[in-house]
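Working notes, structure below.
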Number of protein chains: 2
Amino acid sequence: MAAARAEYGRAGWASFTLDGVARRAGVGKAALYRRWPTKERLLADAIGEHARLPAPADTGSLRGDARALATALLDHFLAPSGWVTLRVAVDAATGLETFASFHEQIVRAHREGVADMVRRAVERGELAPGTDTGTFGEALYGAVLVHAMAVAPRRREHVREHAGEHALPLADFALASLTGGADAAGADGSSAD
Amino acid sequence: MAAARAEYGRAGWASFTLDGVARRAGVGKAALYRRWPTKERLLADAIGEHARLPAPADTGSLRGDARALATALLDHFLAPSGWVTLRVAVDAATGLETFASFHEQIVRAHREGVADMVRRAVERGELAPGTDTGTFGEALYGAVLVHAMAVAPRRREHVREHAGEHALPLADFALASLTGGADAAGADGSSAD
């Protein structure tokens with residue numbers, strides 16, 4: 001499975017082959033073909049397992065949850081395997097029907113995680129009932145994703161080692177909008193690192 | 001150039017070939033090879049041209065600028081050619097040195113556009129001098145990108161036709177954080193459509 005994701009992450013769908021995966025995994029092609037007769041099936045299994053990003057942790061506060069999620073996401077996107085998720089989105093968008101259901105699965109898992117985080121905050125009285133979670137989730141995931149994409153390749157490992165520091169202003173920016181302004185953005189002076 | 005981008009957007013770098021581009025463009029391979037001896041050179045030219053996303057328009061207000069930019073970006077990301085930018089980021093991140101300079105070029109162009117937008121807002125007195133533009137830009141671009149990525153493939157054309165409606169809450173969410181809360185988010189009740 002890891003070999004399948006690595007092979008896909010490197011090359012994308014257009015040159016993803018069972019042979020390539022077998023070579024990378026150091027197993028015989030025959031064994032691979034017996035279990036996964038097509039490359040669609042192999043990739044579906046490999047991605048299905050991987051789409052389970054760590055769910056947002058329950059840290060006891062909205063700000064703690066958002067910072068922990070942003071840090072975990074940044075670490076994820078800067079890891080080589082993290083690009084699998086992104087490649088699926090790109091390949092799905094270019095019209096590969098194979099990817100429609102993986103894509104939907106990934107989108108749904110992430111949306112539910114953010115909705116859970118916001119529901120806990122409403123239950124704790126940190127947010128008003130009925131707070132819209134969709135745009136908050138898009139801004140939080142998006143800020144982390146663009147931050148990761150903008151990192152020069154040679155600096156990725158360095159930034160990944162300091163993911164907490166990099167993620168903190170991104171989480172606080174999204175929170176400030178959700179909770180109505182400056183009072184939410186780092187007002188306690190604490191650090192996620 | 002359009003054929004090169006289309007070929008790259010479809011398949012990614014791993015299966016990008018001068019032959020594929022020649023076939024798609026309906027021109028002879030010999031002519032293509034004379035002008036671009038390597039696929040790196042061809043793609044560099046094709047992407048260099050395309051990296052010039054429409055600069056954020058000067059609409060006379062920060063909110064107008066942010067909404068116009070979000071709408072243009074959403075339209076861009078939902079267009080088939082828009083995935084070229086994203087593929088470059090993914091391919092660069094997986095370590096293709098070829099892409100390091102394209103990547104840097106794209107990142108710099110977008111950062112400068114956002115910095116210009118914020119500078120105009122500071123000059124008009126809409127924002128305090130010294131406002132940090134980096135996180136705002138990442139949240140704005142990111143929210144639009146994730147929104148585009150989450151659209152089911154079969155709905156892309158529909159959402160693209162209504163890009164203004166979809167982009168408006170994304171722009172307003174990022175603005176609300178930048179300008180200190182709820183007073184910025186759609187307070188005038190106007191619509192970007």
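The values are calculated or read from the model by the stated rules, or taken from the named source; none is laboratory data. Quick caveat, the model's predicted, so the values are computed rather than measured. Note that we place each Cβ from the backbone using ideal geometry, even for glycine, and neighbour counts take in every protein chain shown. With ligands, DNA and RNA removed, areas are computed over all heavy atoms of the protein, side chains included. Shrake-Rupley method; radii C 1.70, N 1.55, O 1.52, S 1.80 Å.
Below is a table of values for the structure above.
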read-out: Residue in region B:178-191 that is surrounded by fewer than 23 Cβ atoms within 10 Å (Cβ to Cβ), modelled with pLDDT of 90 or more and more than 7 Å from every other protein chain (Cβ to nearest Cβ) present; value: no
read-out: Residues that are under 15 Å from the mean Cα position of the chain (by Cα), open to solvent by less than 40 Å² (accessible area, probe 1.4 Å) and either within 13 Å of B:A150 (Cα to Cα) or at pLDDT below 90 (or both), drawn from region A:101-137; value: A:F102, A:H103, A:I106, A:V107, A:H110, A:G113, A:G137
read-out: Qualifying residue in region B:133-140 (condition: under 27 Å from B:A46 (Cβ atoms) and in contact with a Lys or Arg (Cβ under 7 Å, 6 or more places away or on another chain)); value: yes
read-out: Pick from region B:2-18, criterion modelled with pLDDT of 75 or more and within 14 Å of chain A (Cβ to nearest Cβ), ranking: least open to solvent (accessible area, probe 1.4 Å); value: B:F16
read-out: Number of positions in region A:104-115 that are more than 11 Å from every other protein chain (Cβ to nearest Cβ) and of a type in the set (D, E); value: 1
read-out: Pairs where the first residue, in region A:116-143, is away from chain B (no Cβ under 12 Å) and the second is in a helix (DSSP H, G or I) and open to solvent by 20 Å² or more (accessible area, probe 1.4 Å), C-beta under 6 Å, 6+ apart; value: A:P129/A:V122
read-out: Residue match in region A:48-60 (condition: at pLDDT 70 or above and part of a helix (DSSP H, G or I)); value: no
read-out: Meets criteria (within 12 Å of chain B (Cβ to nearest Cβ), open to solvent by less than 10 Å² (accessible area, probe 1.4 Å) and at pLDDT 95 or above) for A:A163; value: no
read-out: Filter pass, B:L140 being over 25 Å from A:L74 (Cβ atoms) and either of a type in the set (F, W, Y) or buried (at least 18 other Cβ atoms within 10 Å of the Cβ) (or both); value: no
read-out: Long-range neighbours under 6 Å by Cβ, at least six apart or interchain, first residue farther than 21 Å from B:Q105 by Cβ within region B:28-45, second of a type outside the set (D, E, K, R); value: B:K29/B:A22; B:L32/B:L18; B:L32/B:A22
read-out: Flag if A:A148 is closer than 15 Å to A:L69 by Cβ, open to solvent by less than 30 Å² (accessible area, probe 1.4 Å) and modelled with pLDDT of 95 or more; value: no
